[in-house]
Amino acid sequence: MDVSQYLSVFLDEAKEHLQSLNDNIMTLEQDPENEDCINEIFRSAHSMKGMAGTMGYTRMQNLTHDMEDVFSDVRAGKIKIKSEMIDVLLQCLDAIQGYVDNITENQDEGTEEHQNIIKALADIRSGNVGSASAPEADAASAAEASDSAASEPDPGASPMTDYRLIKLDPSARTTLEEAKAQGKNILGVTVHIQESCILKAARGFLVFKGIEEVGEIVVSEPNTQDIEDEKFDFTFSLVVITDESKEKLAEIVKSVSEVEGCECGEFDLDAEKAVEEAAEPVPAPAATPTPAPAPSATPNPAPAGSKAAPAAGAGGKKPVGKPVVNRTVRVDIEKLDVLMNLVSELIIAKNSLISAANTSGVSNGNVNEQIEYLESVTTNLHESVMKVRMVPIESVLQKFPRMIRDLNKTLGKKMELTMTGEDTEMDRTVVDEIGDPLMHLIRNSADHGIESAELRAQRGKPEVGQIFLHAFQDGNSVVIEVGDDGNGIDAEAVKSKAIEKGVVTPEQAALLTEKQCVELLFHPGFSTAKQVSEISGRGVGLDVVKSKVESLSGEVSVNTKLGVGSTWVIRLPLTLAIIQALMVIVGEEKYAIPLDSIQSIEDVSPSDLKLVENKEVINLRGSVTPIIRLNEVLDTESTKSPEDDMVVVIARKGDQQIGLVIDELMGQQEIVIKPLGKYTNKCKLISGATILGDGEIALILDTNSIF
């Protein structure tokens, strides 16, 4: 069978397991006795081993197998978690990540064997177990001690796979007896999957799903977790409560492809009880009395807590809880892009219809009613598509605790990262792009912000430096703050460095405010580091942050106080595709101004204009606001007389505001942002274009670039 069709599923699952391993190993470093973390690491390593083996990635399989062996010994109590082990385990994760990256790029894991890491894992086992010569034997014995499902019985011969010999615990027996008293059928079924089947768990999923449509699975042997992890050969057995006949149940099972056959019959509660009382020397393993939910279609464990509890009174009812895997579906981001584009075209068509109705003078009440209904539907459709595209920024932030841990060792500093708002949602496109800027800011805080232990002690600060990342939604924007309680930024030092590098002249520097001096840090190639290190000092980082954030129609600023700390503030739009905008006219052209950047619209008399440093300003409710005449910026002729009152759109950027003088207001409109193309993408004043209802093109103004 060609397994390439499962590649995307494999990569998604591998990345999730890697993140789970990373998080749990980081937790284990702080709490070495945490059994939940130990078990979760073992399960993730085991699942990755099975996935890699199924896909034919033997190097990745061998590495995860050795990692699984280590945690098998930990679970068996043969090894205690020590701090030096954590470094080896994290190196192991980096190596697995390397395999995944290679597979992502060219579907091949590469040729790196990572023998040094494999040897280090073996040393961990031999140093604690005392038998380095037979790691496989140790692994087998540990696995046997921790999980009986590690054995591999012959599917055709082993009595352990026969539903007739399943043993019940008291809870399962009570459930079955109550169901039988209500007239339900208690059936047993043993399923045989073809030995040529690649993904046994996928076939198990389909069998479970089919049976759960007609009944309730009370017992599974092997248990559900083992079937999800593919820790069975090619046979498993179930005990089912149903209203259907055994023939119908057998038909459902046999309808699943790659199922070789099945035995189905009544499950005799009395016979099972007699077997239990006979106390045979080699009893069948106890079955887990959970109403087995459908296992994942890929060889990975379901999320913790996703299994349903057994029903107290069966009554033919299905389990109350359903695993999360049944309520979610993986969708390629390109399909969502196509869907968003179609919604965009629908909105353009809606605007065209409204424009055509207005132009032709249609005043029929029914037509207007239908247009309003269409507008409501398209708006709701857009909101629904946006919600589908929204993902928590947690996926970007998860790698930062590990990064700070590594920087602690590299820089010889004690630092702690605090994050809030990980569940804040943004458009998937924005989330994918914001990772690098945030990484640069956190590394900047770690390297430049947090002082040495000696200097912190002199300043009366705690020994452990604090780095924070806070994310929250603010209207139609998401704000991400990254900062520290470190040194802050020395504006004078920045100014001196800028003069030295020729970024500004001494005369220009003398006129700069403290805030303007600090903003020189965003200049390409600018760095105040005295020496180049692998962390920073090459003059790349903050300019990357600024350019990337601005390419996402966002803005970045910094608040700092020398000796106290700095906070970098990134403000990003929730979406890059469809926005609410204020349509205006300047000269003979129509323009769109994003609504989330507008604070108010003012009617200003020419007599209210004042000059400050030869620039026009107005006093707006006690605040001095600079005025920009858009016709001059856009190099067009204004249609209004200088004596007429001015229409001024007050735009804001952070704590700054500015007044934009326009000729005429058209009103608010939902617009679709279209990129300008590679030949005009250097125009900072224009962020894109949109198609109006009458087919005209209107440019979208980037108000941030005017400040």
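Each value in this text was obtained by applying a stated rule to the coordinates, not by laboratory testing. Treat the numbers as computed from the prediction; the structure is a model and nothing was measured. Positions of Cβ are backbone-derived with ideal geometry, glycine not excepted, and every protein chain shown enters the neighbour counts.
Can you give the FRET efficiency to the nearest 0.05 for GLU33 and CYS683, using r as the Cβ-Cβ distance and R₀ = 56 Å?
Details: r = 60 Å, r/R0 = 1.07.
Working from the Cβ atoms, E equals 0.40.
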Open item on the list: Which one, PHE468, PRO573, SER445, is farthest towards the positive end of the dipole of the stretch 394-573 when Lys and Arg carry +1 and Asp and Glu -1 on their Cβ?
Closed with: SER445
- [ ] Would you kindly compute the Cα radius of gyration of the stretch 333-392 and its largest Cα-Cα separation (Dmax), both in Å?
- [x] 14.1, 46
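When 1/r is averaged over all different Cα pairs and the result inverted, which Kirkwood radius in Å belongs to the stretch 414-534? Intermediate results must be reported in sequence, preceding the final value.
Values: mean 1/r = 0.0603 Å⁻¹.
After inverting the pairwise mean of 1/r, the radius is 16.6 Å.
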- [ ] Would you tally the net charge around ILE117, using a Cβ to Cβ cut-off of less than 12 Å, leaving ILE117 out, and scoring K and R as +1, D and E as -1?
- [x] -4
Task: Loop GluC sites (Glu not before Pro), the stretch 626-707, which have at most 13 other Cβ atoms in a 10 Å radius of their Cβ (DSSP) - done: GLU637, GLU643, GLU696
- [ ] Enumerate the residues in the stretch 240-254 having an amide nitrogen under 14 Å from the point lying 7 Å beyond the Cα of GLU213 toward its Cβ.
- [x] 248-254
Open item on the list: Given the stretch 1-111, report the % of alpha carbon pairs whose separation exceeds 22 Å.
Closed with: 29
Task: Kirkwood hydrodynamic radius over Cα pairs of the stretch 578-706, then Stokes diffusion coefficient at 37 °C and 0.692 mPa s, in µm²/s - done: 215
Open item on the list: Restricting to DSSP loop positions (anything but H, G, I, E, B) with no more than 10 other Cβ atoms inside 10 Å of their own Cβ, which trypsin sites (Lys or Arg not before Pro) remain in the stretch 330-383?
Closed with: ARG330
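Which entries of LYS546/LYS653; LYS209/LYS254; LYS82/LYS231; LYS414/LYS461; LYS497/LYS615; LYS501/LYS653 show an alpha-carbon separation above 19 angstrom in the structure shown?
On the way: LYS546/LYS653 15 Å; LYS209/LYS254 13 Å; LYS82/LYS231 29 Å; LYS414/LYS461 12 Å; LYS497/LYS615 30 Å; LYS501/LYS653 29 Å.
Violating the 19 Å limit, Cα to Cα: LYS82/LYS231; LYS497/LYS615; LYS501/LYS653.
With Cβ to Cβ distances under 13 Å as the rule, what net charge do the other residues near LYS615 carry (K, R +1; D, E -1)?
Details: positive: LYS610, ARG629; negative: GLU613, GLU616, GLU632.
Its environment carries a net charge of -1.
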Task: Pairs of Cα atoms farther than 16 Å apart, the stretch 582-629, % - done: 51
Open item on the list: If you filter the stretch 430-525 for GluC sites (Glu not before Pro), then keep DSSP loop positions with at most 11 other Cβ within 10 Å, what is left?
Closed with: GLU463
Task: Reachable aspartates and glutamates from LYS640, criterion Cα separation under 20 angstrom, eight or more residues apart if same chain - done: GLU588, GLU589, GLU602, ASP603, ASP608, GLU616, GLU632, ASP663, GLU664
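Roughly how many debye, to the nearest 20, is the charge dipole of the stretch 578-706 about its Cα centre, given +1 on each Lys and Arg Cβ, -1 on each Asp and Glu Cβ, and no other charges?
680
Given 37 °C and 0.692 mPa s, compute D for the stretch 393-434 with the Stokes-Einstein relation, Rh being the Kirkwood radius over Cα pairs; round to the nearest whole µm²/s. Walk me through the numbers before you get to the answer.
Details: Rh = 11.6 Å.
D = 283 µm²/s.
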Open item on the list: Compute and list, largest first, the equivalent-ellipsoid semi-axes of the stretch 201-266 from the alpha carbon gyration tensor, each √(5λ) rounded to a whole angstrom.
Closed with: 18, 13, 10
